[in-house]
Amino acid sequence: MNRLVLAAAAFSLLASGAAAQELLADANKDGKITPKEYQDSRRNFLMRADTNKDGKITQQEWDRAAASTRMDLEERGVDRAGLVGKGGWFQAMDANKDNLVTPSEIDAYTAARFKAKDPNGDGVITRGEAAQIEKAAAKTVK
């Protein structure tokens with residue numbers, strides 16, 4: 001299970017960890033993830049790449065964080081660890097195309113992702129919905 005949780009945290013790019021990723025964001029442990037929990041979880045995780053602590057992630061910081069995460073996951077034997085940092089997230093989140101990702105850009109990006117992941121549109125992602133997301137994501141990675 002630790003492998004799944006670690007894989008899920010890896011920039012949310014490892015499809016096999018989708019359910020664990022969603023549950024990792026469940027801050028109050030009620031079995032449901034709200035948009036705020038999802039955004040807070042993603043923002044807090046991704047901003048760890050901001051090594052100079054200026055409130056922005058550069059492409060270089062992103063690449064270093066992805067490489068470090070990739071190496072850690074590969075050492076632990078996590079399947080598809082090589083996908084970390086290869087999904088185009090940096091470019092997708094950089095809304096104003098200034099080659100920097102800010103917390104507000106992460107929030108905007110993850111808000112849209114949350115809506116897309118909430119299959120019934122009720123404003124929460126449940127364990128069951130997370131399992132559905134995991135199954136669908138695993139099919140696209142094969």
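The values are calculated or read from the model by the stated rules, or taken from the named source; none is laboratory data. The structure presented is a predicted model; accordingly, all values stated were derived computationally and were not measured. Cβ placement follows ideal geometry from the backbone for every residue including glycine, while neighbour counts extend to all protein chains displayed.
Can Glu74 be described as at pLDDT 95 or above and not aromatic (Phe, Trp, Tyr)? Against the criterion (at pLDDT 95 or above and not aromatic (Phe, Trp, Tyr)), Glu74 does not qualify. Taken as a whole, the stretch 76-84 holds no residue that is part of a helix (DSSP H, G or I), within 21 Å of Ser41 (Cβ to Cβ), out of contact with any strand residue (DSSP E or B) (no Cβ under 6 Å at 6 or more places or on another chain) and of a type outside the set (A, V, I, L, M). Do the conditions hold for Glu75, that is, is it more than 16 Å from Lys32 (Cα to Cα), crowded, with 18+ Cβ neighbours inside 10 Å and either over 16 Å from the mean Cα position of the chain (by Cα) or among the acidic types (Asp, Glu) (or both)? When the stated conditions are applied, Glu75 does not pass them. On inspection, Leu6 does not qualify as at pLDDT below 90, under 20 Å from Phe114 (Cβ atoms) and in a helix (DSSP H, G or I).
Residue-wise test of (1) more than 19 Å from Gln39 (Cα to Cα); (2) surrounded by 14 or more Cβ atoms within 10 Å (Cβ to Cβ); (3) over 15 Å from the mean Cα position of the chain (by Cα).
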site: Asp79; (1), (2), (3): yes, yes, yes
site: Gly88; (1), (2), (3): no, no, no
site: Gln91; (1), (2), (3): no, no, no
site: Asp98; (1), (2), (3): yes, no, yes
site: Ile106; (1), (2), (3): no, yes, no
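Of the residues contained in the stretch 61-73, none is found to be part of a helix (DSSP H, G or I), touching a strand residue (DSSP E or B) at 6+ places or on another chain (Cβ under 9 Å) and among the basic types (Lys, Arg). Number of residues in the stretch 14-54 that are outside any helix (DSSP H, G or I) and either surrounded by fewer than 21 Cβ atoms within 10 Å (Cβ to Cβ) or at pLDDT 85 or above (or both) equals 14. Here Val84 passes the criteria (1) in contact (Cβ under 8 Å) with a residue 60 or more places away in the chain; (2) out of contact with any Leu (no Cβ under 7 Å at 6 or more places or on another chain); (3) more than 21 Å from Ala27 (Cβ to Cβ) except the one numbered (2).
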